[in-house]
1. Sticking with the crude label model, points 7 Å out along Cα→Cβ, report the distance from residue 17 to residue 36 in nm, one decimal please.
2. On the Cα set of the chain, report Rg and Dmax in Å, please.
3. In terms of the Cα gyration tensor, with a ≥ b ≥ c the square roots of its eigenvalues, is region 176-333 rounded because a/c is under 1.5, prolate because a/b exceeds b/c, or oblate?
4. From the helices alone, meaning DSSP H stretches of at least four residues, give me the mean residue ellipticity at 222 nm for the chain, per-run term -39500 (n - 2.57), in deg cm²/dmol to the nearest 500.
5. I'd like the orientation of helix 2-16 relative to the chain: the angle between its Cα long axis and the longest Cα principal axis, in ° from 0 to 90, rounded to 10.
6. Label point 7 Å out from residue 222 along Cα-to-Cβ: which residues of region 290-333 have amide N under 13 Å?
7. Report Rg/Rh for region 225-272, rounded to two decimals, where Rg is the Cα radius of gyration and Rh the Kirkwood radius.
8. Pairing the Cα long axis of helix 162-173 with the longest principal axis of the chain, what angle in degrees results, from 0 to 90 and rounded to the nearest 10?
């Protein structure tokens, strides 16, 4: 939040001194606040009080009902921004503002443009209207043509510290401190990703895995694999969606093995993901050497490699569980 306010203050100073650029590229990981910052910048440019946040102008920007504000994003079900969307913006951006002195356009997912759309956007950036401001949002700016990047002022939006995300999850979502800390750690600096993981049932998934792993032995490994495969198929329609669902499980499983790796190396508990009693009970039952914990971590990456090579989903799940059981057997000896 403090970083956002600092950037907004710089924009205010640049605008008031006549030094504000007409095209900005905000880039950074998913969910770090690129869109929120662009919307706040739009309020600053359209609000008579330079972004007070409470006036009718600011409220209409927030709800996308301001005549001089447009948020352009991929259409539902589409993989890319279409050239028709860019042409529509191109027609509007040269019109005079209807309510105030400026017009603001936010172009989300701009690294997902077709070549034709990118060429169309370039024409707008080459001759920007004096009253219009354009904010491009991107997770992978290197995917943009250099001709577009060179005509924008780039602003990198950095990941937030895990403790800041955890505090927001506790205060805004009413989460327990331990759960909030785990999600913040797993989200890797993205508040948006932490919220989506919570909404997607990651905590329930964790509880199921802890229970299943606790009773995993040579007699139950195939049963556990079948149950895991069944949960994946029930949660997602279509093969690609099921592969993504398995990746969710692998990411979460890896947090357990990374915890064991950190503990086996003697690192402080703060390095880990899980501090709850259920996880500690599992860890107490699974003492692991650094080599064994590392083997479990590497197994998750191996499963990812199997998925990339389009291996049969059921076989990936079964092979992962069987190999994991072998590692755990070594850990128990």
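Laboratory data are not the source of any read-out in this text; all were calculated from the coordinates shown. Keep in mind it's a predicted model, so treat the numbers as computed, not measured. Neighbour counts run over all protein chains shown; Cβ positions are idealised from the backbone, glycine included.
1. Going from the residue 17 label point to the residue 36 one covers 2.8 nm.
2. That works out to 24.2, 76 Å for Rg and Dmax.
3. Values: a/c = 1.60, a/b = 1.07, b/c = 1.49.
Verdict is oblate for region 176-333.
4. Values: 15 runs with 196 residues, N = 333.
Dividing the helical sum by the residues of the chain leaves -18500 deg cm²/dmol.
5. 10 degrees
6. 318-319, 322
7. 1.19
8. With both axes taken from Cα atoms, the answer is about 80 degrees.
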